[in-house]
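Chemist: Next up is a structure, given as structure tokens.
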Amino acid sequence: MADSLEPDDIRAEVRAWLADAWAPDRPLREWRADLAEAGWGCPTWPRQWYGRGLPAELGRVVAEELRAAGAVGPAIGVGMSLAAPTLLAHAPDDLKVRLLRPIVTGEDTWCQLFSEPGNGSDLAGLTTRATRDGDEFVVEGQKVWTTGAHHAAYGMLLARTDWDLPKHKGITFFAFPMRQPGIEVRPLRQMNGRASFNEVFLTEARVPVANVVGELHGGWTVALTTLAHERGLAAGLFGALPPSGGGRTREEARAEASAYLTTYEWYPQRAGRADLVPVRAVATGAAGDPVTRQVVAHLAATERTARWTAERASAARRAGRPPGAEGSIGKLAASTIAREAAAAHATIAGADGMLTGPDSPEGGIVAEVLVSVPGASIAGGTDEVQHNIVGERVLGLPKEPSVDADVPFRQVKVNRRGAKEDR
């Protein structure tokens, strides 16, 4: 049994396999195919699904050995970090057979088709509809804030399949093929000048019935699994980066990761760049001001507390508990740190903080922090939503009153004209 294995046994087994299998001059896809079949790329996954069935602490031992050997691991991205855990928890076996392996190898990238322009933080109020047509569903609607939609092979799609059920019960989760007619992806320009996100228009797009994840009309439960994993992610980093060194395998992996992470290169600024605050305070002479010192000290204390919270969450996962409300606590802490860091940067830089270009504070990084930080309180669920989760699931407070949770969704007032056909 996996729980009777010792770390030294696992280390020896991984090292022996790597000594025979790892060669840095192989094509990346060929190497990852072997990694998937051997189960060492995702060792905590079940054996029948490209894993070894190991507990989390032994999974970390495997990762250490891969790094020590300079071997490339599975692909990074939301496919591995969000789609795969959701599929493992809820997908039927035939869907796992089709979709999990290409996620591990990096052949298929994924995006998240959850948010819509008309329902804000009320995700369950979505109005994108999927109508049964034989062995397929026809999908009509619009999604927004979708990172990577322009190159994704699949999307995690939430669509309404029954308008006569209450809003949380008439939603279905689909593994949605993105490369088909009827899909238009438009980039969204942000106030920091970037265009990381997209809006996605779905017009008579199709998805097989066989691509339903979980129960028909039961997609809300599936979505909660995805969201729980999302709130536990470090911004912009969705997996272990490829190792340094030469060889075709490593070079192809680094090129793949670089192309993927380009989308997220501004995420450290969205997180506030708290690391730069003391540096800027010293460089500008502001460290001599007692008020500024208090601002910097308070930020450092908040950051330290957040790290402890993250360590508690990691300990819970090591103990085998699924992601829970601690993800919301961690996300709230991250939003608080981002806002406090932005305020500290503004205090230190003054009006110069609004300047951009090579001669501006930190080459424009401070200015990008100031216009990017508001996104930290929105992405992955707003602060208000996280407060509700913590209040209800951690503190045991009564649920927020709702006037539409138990009525058929077609009777609910929505902010979308596109829903008229179903009402």
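Chemist: So, in the stretch 189-205, exactly how many residues are surrounded by fewer than 18 Cβ atoms within 10 Å (Cβ to Cβ) and modelled with pLDDT of 95 or more?
Modeler: The total comes to 3.
Chemist: Just checking, does the stretch 20-42 include any residue being aliphatic (A, V, I, L, M), surrounded by fewer than 18 Cβ atoms within 10 Å (Cβ to Cβ) and either more than 30 Å from the chain's Cα centre (by Cα) or under 16 Å from residue 57 (Cα atoms) (or both)?
Modeler: Yes, that holds for at least one residue.
Chemist: Let me ask something additional. Is there any pair with a first residue in the stretch 357-368 that is among the hydroxyl-bearing types (Ser, Thr, Tyr) and a second that is part of a helix (DSSP H, G or I) whose Cβ atoms are under 8 Å apart and which are 6 or more apart or on different chains, and what are they?
Modeler: Filtered contacts from the stretch 357-368: 360/352; 360/366; 360/367.
Chemist: For residue 279, state whether it is part of a helix (DSSP H, G or I) and touching a Ser or Thr at 6+ places or on another chain (Cβ under 9 Å).
Modeler: When the stated conditions are applied, residue 279 does not pass them.
Chemist: Keeping to the stretch 243-295, report how many residues are under 30 Å from residue 149 (Cβ atoms) and surrounded by 13 or more Cβ atoms within 10 Å (Cβ to Cβ).
Modeler: The number of residues fulfilling the criteria is 22.
Chemist: Answer yes if at least one residue in the stretch 340-359 is assigned to a loop (DSSP other than H, G, I, E, B), closer than 30 Å to residue 117 by Cα and under 28 Å from the mean Cα position of the chain (by Cα), and no otherwise.
Modeler: Among the residues of the stretch 340-359, not one is assigned to a loop (DSSP other than H, G, I, E, B), closer than 30 Å to residue 117 by Cα and under 28 Å from the mean Cα position of the chain (by Cα), which makes the answer no.
Chemist: Next question. Within the stretch 110-140, can you find the residues that are surrounded by fewer than 19 Cβ atoms within 10 Å (Cβ to Cβ), under 14 Å from residue 174 (Cα atoms) and of a type in the set (Ser, Thr, Tyr)?
Modeler: Within the stretch 110-140, 131 is the sole residue that qualifies.
Chemist: Residues being part of a loop (DSSP other than H, G, I, E, B), on the phi > 0 side of the Ramachandran plot and at pLDDT 95 or above: count how many of those fall in the stretch 136-184.
Modeler: Total satisfying the criteria: 1.
Chemist: Oh, and also: Out of (1) modelled with pLDDT under 90; (2) within 30 Å of residue 279 (Cα to Cα); (3) part of a helix (DSSP H, G or I), what's the single condition that is false for residue 380?
Modeler: Unmet for residue 380, out of (1) modelled with pLDDT under 90; (2) within 30 Å of residue 279 (Cα to Cα); (3) part of a helix (DSSP H, G or I): (3).
Chemist: Can I ask one more? Please indicate, with yes or no, whether at least one residue in the stretch 369-376 is out of contact with any Phe, Trp or Tyr (no Cβ under 9 Å at 6 or more places or on another chain), in the same structural domain as residue 301 (by TED's automatic domain parsing), polar (S, T, N, Q) and closer than 25 Å to residue 278 by Cβ.
Modeler: Within the stretch 369-376, none of the residues are out of contact with any Phe, Trp or Tyr (no Cβ under 9 Å at 6 or more places or on another chain), in the same structural domain as residue 301 (by TED's automatic domain parsing), polar (S, T, N, Q) and closer than 25 Å to residue 278 by Cβ.
Chemist: Let me ask another. Determine whether residue 327 is closer than 30 Å to residue 61 by Cβ, touching a Lys or Arg at 6+ places or on another chain (Cβ under 7 Å) and touching a residue at least 12 places away in the same chain (Cβ under 8 Å).
Modeler: Yes; evaluated as a whole, the condition is true for this residue.
Chemist: Could you look through the stretch 118-135, keep only residues that are outside any strand (DSSP E or B) and acidic (Asp, Glu), and pick out the one that is farthest from residue 219 (Cα to Cα)?
Modeler: Per the criteria, the residue is 135.
The values are calculated or read from the model by the stated rules, or taken from the named source; none is laboratory data. All values derive from a computational prediction rather than experimental measurement. In this analysis, Cβ positions are derived from the backbone assuming ideal geometry, glycine residues included, and neighbour counts consider all displayed protein chains.
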